[in-house]
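> First the structure, then my questions, so here it is.
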Amino acid sequence: MKFICMTLLIISGITDSRSEQYDVVGPVDPVFAVAGEDVILPCSVKSNISVVDMRVEWFRLDLKDSQLVHLYDDHEDRNTDQIESYRGRTELTHQELKRGNASLKLSSVQVSDEGVYKCFIQSKSWYDDATVDVSVEAVGRPPVITVDGFDDSGGLHLQCESEGWSPEPDLEWLDSEGVSLSSETTEAHRNTDGFSVKQTVTVYERDSMIHCRVKLRHHMLETQIITSSKRFNPRRTSIILISAVVVLIVIAGMLIAAFVHKNIMLDQLKNENRGIKQECDQLQIEMSRKQQECDQIQTEINSIQQECDQLQIEMSSK
């Protein structure tokens, strides 16, 4: 009898344990997000039971350190250890948690948000998780076309470059009729802002519009350039350059001559000023000498006057 009771209790425990097992499900396909916009990372319990009293954790599988993206535990969001770049950008709707929906809202998506996420849900008696693969699409800057010069046959070398894309976009050249042109070199680099692409092509059409187009899934940016009908003439250009150099040399010579002439004139003026100053000093000395002579004459006159006065006094007394 005891054995039967124990068996029944074990079976009942197993049944209860199984009855408390639920599946956490996520999306089958990758989630595509556009940089700068918001995205929802789906995650829910299959039976739609409430997860309000459970632990819900979102983290990155593809990062080595600081993997926590969002943590809900004990009825509160606890994001003290959250990755710095996610602060203020993650949200769980608590009302939806009652329906078993633990989807994460990620705001203002960045290129660095691309990766593999795990949604982990745990109760006291069970736990399960689901994986969400997030792919971020960033529309880069409009392509820029630059002219790299001409070759001896008159071909025009063009370069087109654009940056800030994610994932790597397709770049192509088209003629005025929309026919694809064969590129010569193609470069692609990735940095924190996304992919930058560069491609060169040589065209021989004149008075034609050449298009550089960058495409990424449902986004496309394009820039055009109109080629000139005037054939490039290296000899003529060399003559123009030589003429320009000669003109610059002549102008420089004229400026130097003017500068030298100005310095000569300044030296002459300085010499004249020195001569005039010397004459003025000589005149000043002469005037001083004359003044001394005048003072001496005046002294003699005064002496004669005194003698006359003395004689006059003596004559008066006789």
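> Counting only protein heavy atoms, what percent of the accessible surface of the chain is carbon or sulfur at a 1.4 Å probe?
Answer for the chain: carbon and sulfur cover 55 percent of the accessible area.
> Just to verify a number: FRET efficiency for S123 and E168, C-beta to C-beta distance, R0 = 41 Å, to 0.05? Working shown, then result.
Numbers: r = 42 Å, r/R0 = 1.04.
Calculated value: 0.45.
> Stretch M209-E84 to full length: gain in nm at 0.36 nm per residue minus the Cα-Cα span? Walk me through the intermediate numbers first.
On the way: separation 125, 0.36 × 125 = 45.00 nm, distance 4.76 nm.
Between M209 and E84, full extension yields 40.2 nm more.
> Taking the Cα centre of the chain as origin and charging only Cβ (+1 Lys, Arg; -1 Asp, Glu), how large is the dipole, in debye to the nearest 20?
Working: 32 positive and 51 negative charges, 115 e Å.
The dipole magnitude comes to about 560 debye.
> Right, something else. Contour minus end-to-end for E314 and I256, with contour as 0.36 nm per residue of separation and end-to-end as the Cα-Cα distance?
Working: separation 58, 0.36 × 58 = 20.88 nm, distance 8.67 nm.
Extending this stretch completely gives an extra 12.2 nm.
> For a quick protection proxy, order the peptides 36-43, 163-170 by their average other-Cβ count within 10 Å, most packed first.
Numbers: 36-43: 17.0, 163-170: 18.8.
Output ranking for 36-43, 163-170: 163-170, 36-43.
> With a 10 Å radius around each residue's Cβ, average the other Cβ atoms per peptide and rank 271-277, 128-134, 152-158, highest first.
Numbers: 271-277: 10.0, 128-134: 17.6, 152-158: 14.4.
Result, highest mean first: 128-134, 152-158, 271-277.
> Output the 0 to 90 degree angle, nearest 10, between the alpha-carbon long axis of helix 2-19 and the longest principal axis computed from the alpha carbons of the chain.
Approximately 40 degrees, to the nearest 10.
> Set the bar at 28 Å for Cα to Cα. Now go through K64/K215; K64/K198; K64/K105; K46/K215; K46/K124; K64/K98 and name every pair that lies beyond it.
Values: K64/K215 33 Å; K64/K198 32 Å; K64/K105 23 Å; K46/K215 39 Å; K46/K124 18 Å; K64/K98 32 Å.
Where the Cα-Cα span goes over 28 Å, the pairs concerned are K64/K215; K64/K198; K46/K215; K64/K98.
> Classify the chain: rounded, prolate or oblate, from the alpha-carbon gyration tensor (a ≥ b ≥ c, eigenvalue square roots; a/c under 1.5 rounded; otherwise prolate if a/b is larger than b/c)? Numbers along the way, then the final one.
Details: a/c = 7.79, a/b = 2.26, b/c = 3.45.
Cα axes put the chain in the oblate bin.
> Another question, then. Quick one: accessible area per residue over the chain, 1.4 Å probe, rounded to a whole number of Å²? Please list the in-between numbers first.
Values: 21490 Å² over 318 residues.
Per-residue accessible area for the chain comes out at 68 Å².
> With charges only on Cβ, +1 for K and R and -1 for D and E, what is the dipole size of region 18-109 about its Cα centre, in debye, rounded to 20? List each step's numbers first, then the result.
Numbers: 11 positive and 17 negative charges, 38 e Å.
With only Lys, Arg, Asp and Glu charged at Cβ, the dipole is about 180 debye.
> Using only Cα atoms, tell me the angle between helix 234-317 and the longest principal axis of the chain; keep it within 0 to 90° and round to the nearest 10.
The answer is roughly 40 degrees.
The values are calculated or read from the model by the stated rules, or taken from the named source; none is laboratory data. All values derive from a computational prediction rather than experimental measurement. All Cβ positions, even for glycine, are placed from backbone atoms using ideal geometry, and neighbour counts span all protein chains on display. For the accessible areas, the whole protein counts, side chains as well, though only heavy atoms, and no ligand, DNA or RNA atoms are used. Shrake-Rupley method; radii C 1.70, N 1.55, O 1.52, S 1.80 Å.
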